[in-house]
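What follows draws every value from the coordinates through simple rules; no lab data is involved. Predicted model, so just to flag it, every value in this text is computed and none were measured. Cβ sites come from the backbone with ideal geometry, for glycine too, and all protein chains shown count toward neighbours.
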Amino acid sequence: MRAFPLFVRLEKRPVLLVGGGEMAAAKLRLLLSAQAAVTIVAPVVSDEIAGFVAEGRVTWIARSFADSDLAGHNLVFSAIEDDVLDTRVSLAARDADVLVNVVDRPELSDLIMPAIVDRDEIVVAISTNGGSPVLAQRIRAAVEAAIPHGIERLVHFARRFRGAVHARIADHDSRRRFWAGFFDGPIAAALLAGQERQAAREVIRAINGKGVLAPKTGVLSELTIDAMNADLLTPGRSPRIAAGGSGSVRCRDRARHHRYGAPRCAPPGLGWCGRE
């Protein structure tokens, strides 16, 4: 993993955006959706950016970038679309210890902007470390197709009852089983179908120990694979994993180490697999 995946709260935090064209406008839309306090430095700006300035949603400094513009900012985006100027911004930012993203120039960037699936409370970010933005967009499309619309209702609903669950179910493992049943059982199905009152009744009964969240039975399957072929442990290649829904995949080490000196159940691509 070359870049650390991290979600950062930018609300009211000062962010510098250098550039005034369409690429800068695309970055600005994302930053404003995160409620960042954005300052734009550019001699001219697009009509869209000018509209945001007129609405008071962004500050515009109408001139070329100067190193002093970095003062007071912890994050800077460069979307000048000029190699020489983008390089200058990157070097100045790194000298000032300010994290920088240069559009379409990963070698000049400390931050990589991912392809984003945004469903309100549920946000999925997909990155190829700047190697193939088009591939990241295709993966995003697949993820969007897999996530049902309205799924953010589950997050709002779970937050609503989180305190009650913690108050009534003290044991950590028992709470995890409760929430697993919550998302796999009839409560989540009712919410996604728009039946919030029914879901509320069911979750209250479950919290009080009078309802059933989901069946407690399951199926245990053992798969023997080549430890270096992570693709064999994907739903597309294994019908048993696909049929398992949200069940976990566990990995048992038959031999402690292979010839690369790493555990067998953690080859590239299998870092997500739980160890036993």
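Per residue, what volume in Å³ does the Cα convex hull of the stretch 20-70 take up? It would help to have the intermediate numbers written out before the result.
Numbers: hull volume 3.8 nm³, N = 51.
In the stretch 20-70, the Cα hull volume divided by residue count equals 74 Å³.
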Practice prompt. With 5 Å bins from zero, work out the P(r) of the stretch 1-113 over every alpha carbon pair and list the percent per bin.
Written response: 2, 13, 25, 26, 21, 10, 3, 1, 0
Item to complete: Return, for the Cα atoms of the stretch 136-190, the radius of gyration and Dmax in Å, separated by a comma.
Response: 14.3, 43
Worksheet, complete the sentence: Note, the stretch 86-99: 3J(HN,Hα) by Karplus (6.51, -1.76, 1.60, θ = phi - 60°), whole Hz, Gly/Pro = x, goes 4, 5, 4, 4, 4, 5, 5, 5, 5, 5, 8, 6, 10, 5
Practice prompt. Find, among the GluC sites (Glu not before Pro) in the stretch 1-49, those assigned to loop by DSSP (not H, G, I, E, B) with at most 16 other beta-carbon atoms within 10 angstrom.
Written response: Glu11
Fill in: Separation of the Arg162 and Asp82 label points, Cα + 7 Å toward Cβ, nm
4.7
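When the Kirkwood radius is taken over all Cα pairs of the stretch 78-127, what Stokes-Einstein diffusion coefficient follows at 25 °C and 0.890 mPa s, in µm²/s?
206
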Worksheet entry | Protection-proxy order for peptides 77-84, 171-178, each taking the mean of Cβ atoms within 10 Å per residue, highest first | 77-84, 171-178
